[in-house]
Amino acid sequence: MLKIKNLHASVDGKEILRGIDFEVKAGEVHAIMGPNGSGKSTLASVIAGHNKFEVSADELSFEGENLLDMSIEERARKGLFLGFQYPVEIPGVTMANFMKIAVNEQRKSRGEEPLTAAEFLKMMREKAKVVELDAKMTSRAVNEGFSGGEKKKNEIFQMAMLDPKLAILDETDSGLDIDALRIVATGVTKLHTPQNATVVITHYQRLLDYIVPDFVHVLYKGKIIYSGDKSLALKLEKEGYDWLINDYKE
Amino acid sequence: MDIKNLIAEGLLQPFKGGRIDDATSLALPLVVENPHKCDIEVCASQPVSLVVWHDNAKECALTLRLAPHAVVALTEVYASAKYVDVRIEQAEGSECRVTTIMLGGAHTSYETLLQGSHSSFKMDAAYVAAGFDHSVLSLVTRHLVADCKSASVIKGVASGKATGEFKGLVFVAQDAQRTDAQQTNRNIELGGGRIVSEPQLEIYADDVKCSHGSTVGQLDEQAIYYMRQRGISKESAERLLLEGFVEDVVSKCEVEALREMLNEAVQAKLNE
């Protein structure tokens, strides 16, 4: 589904990703962990197509198509979703209007008819349940005045609405209390199918109690320095990163 | 955009000006259409919703007096270019909330006098200047006595060859201790549009909480990125953001029947 070979990315002349190899297949769940500043969020942004980075790669493809040739919205319409670490507030734009335009522009790109108002409302009500989001939230401005927990639930609500093939969730667990974490994480697992894939970027093992990864990767100084199965996350939680970093010769 | 339709549908009732008291029917919001010279005095014990509608080019002088503890929600809509003076006088404990939407290159001057203690004034305003419009909104808030509050958020958009101008003054008299006054002016310049923003403070009391801020910028890049990541085209995202910037002010309008019409008018104006 997602293939990355020798990916480099820099911003303002500073190299942040320094040769990433990474592959995600349908049905898989990957966790990316690593100390602050190791490039986790940059990796997510580069895959999504944020234009502030200078990017080069031997391969950066999604479903066999070269992502580097695609705009941000084209990537999204192919089924790539990014859950933001800091969801953006958009005053004056209601969640309902925002999602209606997003869903219908995605449908249009696939040659499908736009949803009717009734179909759309029904869909919103159903998907809001996935993360126990109050349906009234959809009449509020996007993320404006939302609590930290509401913002993260709202990211997963949008993921449910857009039904992506690959969801990359950037620290979706940060700033959540235990209940909100459970709701958000359970929501993500409900959306997981053998046809789609999830990449979670996280600092904490606790999210992975709910979203059980097939693979855990450690990103450090712009490279994936170690990969393992779910037991790696437990070891990192107990022992930190030092044993890996010390082991790692640049 | 025609207010007459809303009156015909029985959603608003016409009002000529004068005194509003407990004998006045307040079941529907009151609307004053194209006043030339209009004095309104509010003495009602219930909150009053008042709409002032401008869609001709005549000059207008409007005075609104709030008796002690009167509560008024005033919506002012400017659909045409004209010169308008609005004077608001507030007695003790009164509350005035103003929503202003300017779409037609008007020159409007507001002067609010907080004359009675514990009175409060709130304004949310937006001007959209397109084509060759020159829109001017001037707002003078005078805190004349102690313990009053004012909060104004003025938003402007200028595109094409238009100019949008905001002149704001918060005046705090020597005796107006414990004043709380906030004034914010946020603007977006598009294409060759030009914004002029002149916020001022003039403070003679020493125990006050005053702030003013002014920004002129382009559309929020991070918000555009966020929307594009959901599959929305760059053009749609920019447009949505711009509409949201103005419609955020429309959403403050307390006359529900007006909001949809105003949003449509804003969208039409942004197409110019």
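The values are calculated or read from the model by the stated rules, or taken from the named source; none is laboratory data. Model, not experiment: these values are computed from the prediction. Ideal geometry is used to build each Cβ from the backbone, glycine not excepted, and the neighbour counts take in all protein chains shown.
Just a few scattered comments:
- Entirely in segment A:147-225, the strands (runs of 3 or more DSSP E) that have 2 or more residues that are aliphatic (A, V, I, L, M), at pLDDT 95 or above and under 13 Å from the mean Cα position of the chain (by Cα): A:166-170, A:197-201
- Here B:Val31, B:Val86, B:Val98 are screened, and the one residue that is closer than 23 Å to B:Gly244 by Cα and buried (at least 20 other Cβ atoms within 10 Å of the Cβ) is B:Val98.
- Any strands (runs of 3 or more DSSP E) falling wholly within segment A:31-135 and containing at least 2 residues that are more than 14 Å from chain B (Cβ to nearest Cβ): A:54-56, A:59-62
- Going through (1) surrounded by 16 or more Cβ atoms within 10 Å (Cβ to Cβ); (2) out of contact with any Leu (no Cβ under 6 Å at 6 or more places or on another chain); (3) among the aliphatic types (A, V, I, L, M) one by one, B:Val42 falls short only on (2).
- Screening A:Leu191 on (1) more than 14 Å from every other protein chain (Cβ to nearest Cβ); (2) touching a residue at least 40 places away in the same chain (Cβ under 8 Å); (3) over 18 Å from A:Ala102 (Cβ atoms) shows it passes everything except condition (3).
- Tallying residues that are facing chain A (nearest Cβ under 7 Å) and crowded, with 16+ Cβ neighbours inside 10 Å within segment B:196-226 yields 3.
Condition check ((1) surrounded by fewer than 21 Cβ atoms within 10 Å (Cβ to Cβ); (2) without any contact (Cβ under 8 Å) to a residue 12 or more places away in the chain) across all residues:
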position: A:Lys78; (1), (2): yes, no
position: A:Gly92; (1), (2): no, no
position: A:Arg110; (1), (2): yes, no
position: A:Ala118; (1), (2): yes, yes
position: A:Ala141; (1), (2): yes, no
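- Restricting segment B:20-71 to residues that are part of a strand (DSSP E or B) and basic (Lys, Arg), the residue that is nearest to the chain's Cα centre (by Cα): B:Arg65
- With respect to the stated conditions, B:Gln267 is within 14 Å of another protein chain (Cβ to nearest Cβ) and surrounded by fewer than 16 Cβ atoms within 10 Å (Cβ to Cβ).
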